Amino acid sequence: GVTDACVFGVPDVRWGQRVAAAVVASVDTEDASILTGLLPQLAPFKTPRLLARLDRLPLGPTGKLDRRATASLALPLLRSVAGSPTSGSTR
């Protein structure tokens with residue numbers, strides 16, 4: 001259900017940074033399903049703990065993903081992903 005994604009770090013007092021992801025996904029795709037799809041492919045420390053849904057990911061003038069613009073758009077929309085590998089701990 002995910003058609004596009006961008007992963008980036010966000011500041012964290014305890015860990016220095018936390019892994020966050022901005023995704024473009026179908027409406028019926030649940031956040032937990034996105035995470036479940038990643039777990040077999042990524043080490044736990046690489047798995048996003050925060051997720052934001054965007055309608056599209058911004059591109060720069062050359063057509064490449066604009067990572068800074070994506071992070072800026074996603075930052076106010078980030079929410080904890082239920083069932084992440086560190087669920088229950090302070091994130």
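Looking only at residues of segment 9-54 that are in contact (Cβ under 8 Å) with a residue 12 or more places away in the chain and in contact with a Pro (Cβ under 7 Å, 6 or more places away or on another chain), we find that the one that is farthest from Ala69 (Cα to Cα) is Pro44. For segment 1-53, the strands (runs of 3 or more DSSP E) that sit wholly inside it and include 2 or more residues that are open to solvent by 60 Å² or more (accessible area, probe 1.4 Å) are 2-12. Of these, Ala82, Ala20, which one is at pLDDT 90 or above and among the aliphatic types (A, V, I, L, M)? Only one candidate qualifies: Ala20.
The values are calculated or read from the model by the stated rules, or taken from the named source; none is laboratory data. This is a predicted model, so every value here is computed, not measured. Here Cβ is always computed from backbone atoms with ideal geometry, including for glycine, and neighbour counts include all displayed protein chains. All accessible areas refer to the heavy atoms of the entire protein, side chains included, with ligands and DNA or RNA removed. Shrake-Rupley method; radii C 1.70, N 1.55, O 1.52, S 1.80 Å.
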